[in-house]
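Enquirer: Pasting in a structure now, in C-alpha cells, and then I'll have a few things to ask.
The values are calculated or read from the model by the stated rules, or taken from the named source; none is laboratory data. None of the values given here were measured: they were computed from a predicted structure. Please note: Cβ atoms are built from the backbone with ideal geometry, for glycine as well, and neighbour counts cover all protein chains shown. When the accessible area is computed, the model is the full protein with side chains, heavy atoms only, and any ligands, DNA or RNA have been set aside. Shrake-Rupley method; radii C 1.70, N 1.55, O 1.52, S 1.80 Å.
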Amino acid sequence: SDYLFKKDNYTTSKTFTQQKLVCKDNTIIYADINAKKIVFETKELILGIVNNVSSQVYAETELKNTIRKIQESELRYKHIIDSTQDFIWTVDANEFRFQSFNKSLYNYFKSKLQRTISIGDKTHYEIDGKGLEWDNYYNKALQQGEYHFEYETVDKSIVVFVSMYRMMNEDKTFGISAFGRNITKLKEHEKSLQIAKEEAEKKEELHQTML
C-alpha cells in the first residue's frame with residue numbers, strides 16, 4: 001500500500017494491466033488489477049479488484065505467434081521462388097494483369113527488354129505485341145483448369161515450357177498461376193542430337209552409294 005499510494009505516486013487509485021501472477025498451486029495467470037483506497041469505519045483500506053485476463057493474453061500471444069509464423073513462412077517461400085532461374089508469376093482472372101512475379105521474371109524484363117514491370121501491368125500487350133496470343137493461353141487455362149505449352153521469348157534467347165493453372169477459392173476463380181521452366185539448354189541439346197543424327201544418316205547414304 002505504501003508503494004501504491006505514496007503522495008508522489010498515486011493518491012486514490014491505480015490500475016495495473018496484464019500482470020503476471022503466480023498462484024499458490026504455482027499456476028500462472030494474467031490479470032488486470034485495480035487498487036483503490038477507501039475509508040471504512042474511519043479506517044483506511046485498500047480495495048483490490050482482480051480481473052483474470054489470461055484467456056485474452058494467451059489469445060493475443062497465440063495470434064502474434066501465428067502472424068510471426070505466417071510472415072516467416074512467406075519470407076521462406078519468397079526466397080525459394082526468387083532463387084530459381086525459372087519464371088513464376090500470377091495474373092488476375094479478368095484482365096490478366098500481374099498479381100505477383102518472381103525475381104527471375106523481373107530481371108528478364110529489365111535486362112533483356114529494358115522494361116521494369118510492376119504489379120498490375122499487362123505487360124504482354126506493351127512489350128511483345130502478342131497480347132491476344134497470351135489471352136488465348138490464359139483463357140485455355142481458365143476453361144480447362146490447366147494449360148501447357150512451349151514459348152520462345154521475344155529476344156529468342158530463352159525457351160520456356162509454360163504451365164498455367166486456374167486458382168480457385170471456395171469454387172470461385174480468382175486468378176491464374178504460371179510457371180515457365182527454362183528448357184533452353186534442353187532444346188539446344190535436342191537440336192545438336194538432331195543435327196548429329198542427320199549427319200550420320202548422310203554419311204551412311206554416302207557410304208552406301210560408294211559400295
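Enquirer: Going by what's in this entry, would residue 170 be described as open to solvent by 80 Å² or more (accessible area, probe 1.4 Å), at pLDDT 80 or above and under 18 Å from residue 184 (Cβ atoms)? Can you show your working first?
Expert: On the way: open to solvent by 80 Å² or more (accessible area, probe 1.4 Å): yes; at pLDDT 80 or above: yes; under 18 Å from residue 184 (Cβ atoms): no.
Criteria not met by residue 170.
Enquirer: In addition: If a residue has to be among the basic types (Lys, Arg), more than 16 Å from residue 143 (Cα to Cα) and within 29 Å of the chain's Cα centre (by Cα) to count, how many in segment 155-184 make the cut?
Expert: Here is the first cut: in segment 155-184, the residues among the basic types (Lys, Arg) are 156, 166, 172, 181.
Now restrict to residues that are more than 16 Å from residue 143 (Cα to Cα): 156, 181.
Now restrict to residues that are within 29 Å of the chain's Cα centre (by Cα): 181.
Result for segment 155-184: 1.
Enquirer: Just give me the residues in segment 101-134 being outside any helix (DSSP H, G or I), at pLDDT 85 or above and open to solvent by 70 Å² or more (accessible area, probe 1.4 Å), in sequence order. Please lay out each step first, then the result.
Expert: Of the residues in segment 101-134, the ones outside any helix (DSSP H, G or I) are 101-102, 113-122, 128-130.
Right, trim to at pLDDT 85 or above and you get 101-102, 116-121.
Once the filter is applied, which keeps residues that are outside any helix (DSSP H, G or I), at pLDDT 85 or above and open to solvent by 70 Å² or more (accessible area, probe 1.4 Å), segment 101-134 yields 116, 119.
Enquirer: Check whether at least one residue in segment 176-194 is among the β-branched types (Val, Ile, Thr), in contact with a helix residue (DSSP H, G or I) (Cβ under 7 Å, 6 or more places away or on another chain) and at pLDDT 90 or above, and report yes or no. Don't jump to the end; show me each part of the working.
Expert: First, pick out the residues of segment 176-194 that are among the β-branched types (Val, Ile, Thr): 176, 183-184.
Keeping just the survivors that are in contact with a helix residue (DSSP H, G or I) (Cβ under 7 Å, 6 or more places away or on another chain) gives 176.
Imposing the further condition that a residue be at pLDDT 90 or above reduces the set to 176.
The answer is yes; a qualifying residue exists.
Enquirer: Right, here's the next one. Of all residues in segment 1-41, which are modelled with pLDDT under 70 and hydroxyl-bearing (Ser, Thr, Tyr)?
Expert: Taking segment 1-41 first, the residues modelled with pLDDT under 70 are 1-18, 38-41.
Residues satisfying the conditions are 1, 3, 10, 11, 12, 13, 15, 17.
Enquirer: Are any residues in segment 135-161 without any contact (Cβ under 8 Å) to a residue 24 or more places away in the chain, surrounded by fewer than 18 Cβ atoms within 10 Å (Cβ to Cβ) and in a strand (DSSP E or B), and if so, which ones?
Expert: Within segment 135-161, 146, 148, 149, 152, 161 meet the criteria.
Enquirer: Here is a further query. Taking residue 209 as the residue in question, decide whether it is open to solvent by less than 50 Å² (accessible area, probe 1.4 Å) and over 25 Å from the mean Cα position of the chain (by Cα). Step through it out loud before you land on a result.
Expert: Working: open to solvent by less than 50 Å² (accessible area, probe 1.4 Å): no; over 25 Å from the mean Cα position of the chain (by Cα): yes.
Taking the combined requirement at face value, the residue does not satisfy it.
Enquirer: Also: Hey, can you tell me all the residues within segment 130-154 that are under 25 Å from the mean Cα position of the chain (by Cα) and within 22 Å of residue 115 (Cβ to Cβ)?
Expert: 134, 135, 137, 138
Enquirer: Would you pick out the residues in segment 92-122 that are hydrophobic (A, V, I, L, M, F, W, C), farther than 15 Å from residue 153 by Cβ and touching a Ser or Thr at 6+ places or on another chain (Cβ under 9 Å)? Spell out how you get there, then give the answer.
Expert: Start the filter on segment 92-122 by keeping residues that are hydrophobic (A, V, I, L, M, F, W, C), which leaves 93, 96, 98, 101, 105, 109, 113, 117, 119.
Add one more test, that the residue is farther than 15 Å from residue 153 by Cβ, and what stays is 93, 96, 98, 119.
Correct list: 93, 98, 119.
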